[in-house]
Structure formats: structure tokens, C-alpha cells
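Heads up: the structure comes next, in C-alpha cells.
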Amino acid sequence: MTDVEVDKRTDVRSGLESYQGLRVTDVCDGMDAVGLEDMGQMSRDIRPLWRDTENFKHRIYGVAHTVRFVPTQRPVPAQTPEEFYEWMSDWYGQYAQGPIRDQIQPGDLIVIDGFELGSVGFIGSNNALSWIAHGAVGAVTNGGARDTDELIKQQTPVYSRYISRTIRPGRIELDATQVTINCGGAVVHPGDVVVADGDGVVVVPAAKAEDVATHAWRHATRDKEKRRALYGQVGLEEDWTVTT
Ligand SMILES: O=C([O-])CC(=O)C(=O)O
Ligand SMILES: [Mg+2]
């Protein structure tokens, strides 16, 4: 990491509210305006599990809180079902916690590098909801989520590449939290701003977050004005997307 601006690690939390109401496309356009063309674009196959077409509750923005899982090399012992339950819970506690719940801050957006980890669904309806309970706004991964029917019913904002099924013990381990990761081809530093909606996920470097929001709002404001006029022309009743 040599770029001085990236090195400075701006704290984005105080200005984070300026991202409220911005679309991913506005943020991408704002990135263009400050010379960050095509940076921070997560792969298009990282998609929301659900979309709320009324209030867009799936649309989230937050401070990147990163996690990386890797395949394990620890052998699974021969064990009885009773031993299995103890072994399983030990594995979660010792090897595969992540994110660490006590380290989650309000406004964090959990970003998990769990690429190519087979069928493992390390985001489930239980742990993802617990991250929300600790203040997170949602989770994004280049890997898999499970319990997806419940994640959808709970309206827990999760963006994943796969829908998966199996648990972590015997399969994957936590490598690190709050380190720089590659998620869907975008570099994510802890503390960057991450924005996700039906169009996908974009990562804004912390040092550029304020400028990008300012330019994104130029696009958003002009766009709302134009669409409001078009709503009138085609007889659409105004909704919050053209008024707020
Ligand atoms: O147990 C797990 O690792 C994931 C899961 O299913 C949940 O949290 O609901
Ligand atoms: Mg579960």
C-alpha cells in the first residue's frame, strides 16, 4: 500500500449520512467525477438475496468491516454424534468466528471474502441477524449464504454470489478480520464505504468518500428533477424516488 491518500485512512463515520438515499449508480457516477473510473466495482454476480420494491430496504451503505475465511487443513476426527456437537461448537469458537460480534460498530457493513469455499454457507439467518442486532447494516460476500428463505423473510440485507448449504466446522477457518480483502474484484479496506442496491455493490475508498458523495448527489439531484418531469409527462404519480 503506497498511495499516501489511501494510507491516511480517513474515518468516514461522521460523514456517512451523506450516502443516505444515494443509488449505487449515483455513487459510480460520483467515482467517475473524482477519477476513480471502474474502481471499487464488485463483480456483477454478487447479488441481493431479496429486493423491496416499495421502500428499497435492501439498499444499504456502511463502513466496511472485513472478514476472510480460508479452507481448513485440520482433519475431522472420527467421533460419535455426541462428540460431534462438542467438536462443532469448539470449532466455531476457536477457528471460525467472524465477524467478531463485539467488534461490530453501528453502521458497519460486513464484507466477507469466502471465495471458492465449496458448499459452505457462512452467512445464515441466525448469525446475520445477530450482526444486525450488534449494529451492522447488512453483509456482502463473494461466497455463499444459507437459510436464504429466512434471510429473505427476515429482510436481512445479504448480498452473495452463491446460495450454499453446509456449516463451517471441518471445512473453513477464519483467517483474519479487519484486513484488506479482495471481494468480487474490488479491494476493500476496513473503513471504506460500501454501497449496495439492486444494481450490485460498489466500494468507495475512505479518503475519497466525502468527495464521491458530493458528486454522487449532483447526479442524483439532476436525475430526480428530470424523472419528476417525466413522471408528469407520462402520468405517473410522484413517489419518494423523485421527491426526496
Ligand atoms: O451456523 C452458521 O454458520 C450459519 C448459520 O446457519 C446461521 O448462523 O444461521
Ligand atoms: Mg442457520
Per-residue HN-Hα couplings for the range 67-80 [Karplus 6.51, -1.76, 1.60; θ = phi - 60°; Hz; x = Gly/Pro]: 9, 10, 9, 9, x, 8, 10, 7, x, 8, x, 5, 7, 6
Cα convex hull of the range 119-244 - mean projected area over all directions, nm²: 10.2
GNM on the chain, C-alpha springs below 10 Å: top fluctuator among Val24, Val63, Val34? Val34
Give a residue-ordered list of calculated ³J(HN,Hα) values for the range 154-171 (Karplus: 6.51 cos²θ - 1.76 cosθ + 1.60, θ = phi - 60°; whole Hz; x for Gly, Pro). 6, 6, 8, x, 10, 10, 9, 8, 10, 9, 10, 9, 8, 8, 6, x, x, 10
Proximal lysine pairs, the chain, alpha carbons under 30 Å, eight or more residues apart or interchain: 7
For Thr10, which sequence-distant residues (separation of 5 or more, or a different chain) have an amide H within less than 5 Å of its own amide H, given hydrogens modelled in the peptide plane? Ala207
Given the rule -39500 (n - 2.57) for each run of at least 4 DSSP H residues, summed and divided by the residues of the chain, what is its mean residue ellipticity at 222 nm, to the nearest 500 deg cm²/dmol? -9000 deg cm²/dmol
Spelling out what I want: for every residue of the range 101-107, take phi, set θ = phi - 60°, compute 6.51 cos²θ - 1.76 cosθ + 1.60 (Karplus), and round to whole Hz; glycine and proline get x. 4, 5, 8, 6, 10, x, x
In whole Å, what are the Cα extents of the chain along the three principal axes, biggest one first? 70, 45, 27
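Between Arg74 and Ile100, what is the FRET efficiency for a Förster distance of 22 Å, r being their Cβ-Cβ separation, to the nearest 0.05?
Details: r = 20 Å, r/R0 = 0.92.
Efficiency for this residue pair is about 0.60.
Read-outs throughout are calculated quantities, based only on the coordinates presented, and are distinct from any laboratory measurement. No experiment lies behind these values; they were computed from the predicted model shown. FYI the Cβ positions are ideal-geometry reconstructions off the backbone, even for glycines, and counts take in every protein chain you see.
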